[in-house]
Each structure stands twice: as structure tokens, then as C-alpha cells.
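**Q** Starting off with a structure, shown below.
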Amino acid sequence: MPDISEHFSKRDFACRCGICRNELKVSLTLVGVLELIRMHFNKRLDIMVGHHCEEENARLGGVKKSYHVLGKAARFTVQDIPAEEVFRFAERIPQVQGLGLDPLKKQVYLDIRDKAPAKWVWEGSRELELTPQLREKYHL
């Protein structure tokens, strides 16, 4: 049963490392952005990664103040909707300042960073800044 918003519960965002006992930190602005995406497509939105505790972030080799640690990022899919289409919609949401596409996993990453906006595509393990060529290649 949802307990953070109409469609999301704490469980959706909690750390899944299995050690920290589901530590949770999540921005309500992030939840609002994901609700907007969920309602736009009228399809279930599955969060693959929400919050990471600091230990899990270190284990994964993340940066010290990762947006996942801060509760300001999510990696997700929208049921039956291509990730590229979700990416294109998310670009139009002003609060989304970090936006990434993982075409192999068919997932979108977004964050609500306070710093300069950034967009990228993962090709394997490489994170590449979104260029006009990559935008064309992935139909973004």
C-alpha cells in the first residue's frame, strides 16, 4: 500500500543492500517528479534503484555525495513504455537536472541535483555525455 504518495511506498526507495535494514532517504520533490511521469504514461513505474546507504554506495564505487545517497535520484522503468520515450518526457520536467539513459537495461536515471544540468547515455559501463550524435543514435 502506498505510504509516500499515491503510487509509491517507502519500500520502493529504501536501500536494498541487505545490511543497513532498508535505510531510507528520499526527496519529496523526486517523488513528485516520478508521480508526474507515472500519471503521464498511466503505467506502473518500477524503481530499480532509489536510496543507497553510504556503505552500499562505497561498495558500488559511487562518489561520496551521490544523489542516491542524498535521496535525490532514482533509476527506473515504466511498464510497456520504451526508456527512450520516458527520457524524452522527463527532459521536459524542470526539476529534472540529471538525466541518463541505459539502453541495454532499458532504464532511465534521473536526479534533482542543484548543480548544472547533465544528460548522458550508458554504453556498457561507459557513461557518455549526450551529444547530437548519441541523441540521433538512440532517438532522443
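**Q** Along the Cα→Cβ direction, 7 angstrom out, place labels at Asp114 and Lys65. What is the inter-label distance in nm?
**A** 0.7
**Q** Another one. By per-residue mean of other Cβ atoms within 10 Å, what is the highest-first order of 73-83, 119-129?
**A** My ranking of the peptides, most packed first, is 73-83, 119-129.
**Q** Given Pro82, Gly62, Leu28, which one lies farthest toward the positive end of the charge dipole of the chain, if we put +1 on the Cβ of every Lys and Arg and -1 on the Cβ of every Asp and Glu?
**A** Comparing the listed Cα positions along the dipole, Gly62 ranks first.
**Q** Within 10 Å, count the other beta carbons around each residue, average over each peptide in 96-108, 14-26, and list them highest first.
**A** Final packing ranking: 96-108, 14-26.
**Q** If you roll a 1.4 Å probe over the heavy atoms of the protein chains, what accessible area per residue do you get for the chain, in Å²?
**A** 59
**Q** Let me ask another. Hey, which of these cross-link pairs are over 20 Å Cα-Cα: Lys65/Lys106; Lys64/Lys115; Lys105/Lys137; Lys25/Lys119; Lys43/Lys105?
**A** As for pairs spanning more than 20 Å Cα to Cα, those are Lys65/Lys106; Lys25/Lys119.
**Q** Rule-of-thumb check for the stretch 87-140: C-alpha Rg over 2.2 N^0.38 Å?
**A** Compared with the compact-globule rule of thumb, the stretch 87-140 sits at 1.06.
**Q** Considering only protein heavy atoms and a 1.4 Å probe, what is the carbon-and-sulfur percentage of the accessible area of the chain?
**A** Summing carbon and sulfur atoms, their accessible area is 51 percent of the total for the chain.
The values are calculated or read from the model by the stated rules, or taken from the named source; none is laboratory data. Please read all numbers here as calculations on a predicted model, not as lab measurements. Here Cβ is always computed from backbone atoms with ideal geometry, including for glycine, and neighbour counts include all displayed protein chains. The area values use the complete protein model at the heavy-atom level, side chains included, leaving out ligands, DNA and RNA. Shrake-Rupley method; radii C 1.70, N 1.55, O 1.52, S 1.80 Å.
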